[in-house]
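In what follows, a single structure is set out as structure tokens and then discussed.
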Amino acid sequence: MISCTEFIPLYSELFKYLEELGGHDEVVRYWEYISDTYVADLLGKEVKGKGIRGCWDYWAKSLNEEACDFRMEMDEKEGVFSIDMRYCPSRGRLNEFQHIEPYHDYCGHCALLYSRQLEKYGIIMEEFDMSKISEAKCFERYRIKPEFIPRECKVEKLVMDVKASENEYFHRDFHISGERGLRYVGEKFGDAAVVEYLKRFTKAYFAPLIEKVRKNGLCEMKKHIDSIYEIEKKKENVNCKLEDGKLVVKVSECPGVVYMKSAGYEPSKWYIENTRTVNRVIAEEAGYEFELKSYDESNGAAEYVYKKL
């Protein structure tokens, strides 16, 4: 499983792969797909009938779950909403990686995903300043057209000023975002493309882990797997047994699958590759053999083995 805290590099590598397949236009087509499906559902239900206040309600949840350092303002009388992102932990983590480069237009997806949907409700993006994304900073401001202001508008001014240290970086919706990337690649380019995408991601992002496993053995893989389930707050869901040069992993439930289904989202047939392909590539690159003995699509329960070649 790829944890929700690892979604950002997964997304960045997806954009790189899509650009190889069809240029930047293909990346934009993917952003439009995500906007018209995932974002339309989540943001649309907040904004419909609520106007600019829906923006406030939507981002109040997501920015806190992503542990952002930000100042958010809303003026219903003026019909204005803005986010001053003083530090985006997602972009910040991407900037800090030494072994992978961020996709050259990574933050471009934010501007398109939201503005595309908000325009349906008369909310127009007035400004999106990405001049400081190298410092994980940005600024965006939206204004609602007067004719779209709800009749029952409270005409309030609200400010939310939050430090990153006040929250934990733990946004489970990233599981859905990551899965939709697999679905898009699978539906448009086929099974082999999904495997190739995850193979490239694994070799790039997990390069430090692969080197540790190659150098120190399967104790490093055990440590990594245990850490994933601890991050997901489900360490009781995994049992890793290392003996005689073999690592046996038993997962009672995948936190990603369980969360997605609880949110009403059904993972695609390609989600298994987060377990099968990612682990196989790590094993092969580190000089080991990987075998997926079982996988239950209903809850992501699995059993797999790492062993010497």
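The values are calculated or read from the model by the stated rules, or taken from the named source; none is laboratory data. Since the model is a prediction, treat every value here as computed from it, not as a measurement. Neighbour counts run over all protein chains shown; Cβ positions are idealised from the backbone, glycine included.
Among the residues of region 5-49, what is the count of those that are touching an Asp or Glu at 6+ places or on another chain (Cβ under 7 Å) and either small (Gly, Ala, Ser) or closer than 30 Å to MET74 by Cβ (or both)?
1
In region 125-149, which residues are touching a residue at least 40 places away in the same chain (Cβ under 8 Å) and of a type in the set (Lys, Arg)?
Across region 125-149, the qualifying residues are LYS137, ARG141, ARG143, LYS145.
Restricting attention to region 39-67, which residues are of a type in the set (Gly, Ala, Ser), out of contact with any His (no Cβ under 8 Å at 6 or more places or on another chain) and in a helix (DSSP H, G or I)? Explain how you work it out, then say what you get.
Here is the first cut: in region 39-67, the residues of a type in the set (Gly, Ala, Ser) are 40, 44, 49, 51, 54, 60, 62, 67.
Now drop any that are not out of contact with any His (no Cβ under 8 Å at 6 or more places or on another chain), which leaves 40, 44, 49, 51, 54, 60, 67.
Correct list: ALA40, GLY44, GLY54, ALA60.
Give the residues of region 1-57 that are at pLDDT 95 or above and touching a Pro at 6+ places or on another chain (Cβ under 6 Å), sorted by residue number.
Selection gives SER12 alone.
Could you tell me which residue of region 241-258 is nearest to GLU297 (Cα to Cα), considering only residues that are surrounded by fewer than 19 Cβ atoms within 10 Å (Cβ to Cβ) and in contact with a helix residue (DSSP H, G or I) (Cβ under 6 Å, 6 or more places away or on another chain)?
GLU253
Restricting attention to region 30-67, which residues are within 14 Å of ASP173 (Cβ to Cβ) and of a type outside the set (A, V, I, L, M)?
Passing the criteria: THR37, TYR38, ASP41, LYS45, GLU46, TYR58, TRP59, LYS61, SER62, ASN64, GLU65, GLU66.
Suppose we filter region 75-108 for residues that are over 23 Å from MET160 (Cα atoms) and polar (S, T, N, Q); how many remain?
Residues flagged as over 23 Å from MET160 (Cα atoms) and polar (S, T, N, Q) within region 75-108 amount to 2.
How many residues are farther than 17 Å from THR275 by Cα and small (Gly, Ala, Ser) when one looks only at region 178-203?
1
Which residue out of CYS153, CYS138 is surrounded by fewer than 18 Cβ atoms within 10 Å (Cβ to Cβ), in the same structural domain as CYS68 (by TED's automatic domain parsing) and not aliphatic (A, V, I, L, M)? Spell out the reasoning first.
Working: CYS138 fails: surrounded by fewer than 18 Cβ atoms within 10 Å (Cβ to Cβ).
Result of the check over CYS153, CYS138: CYS153.
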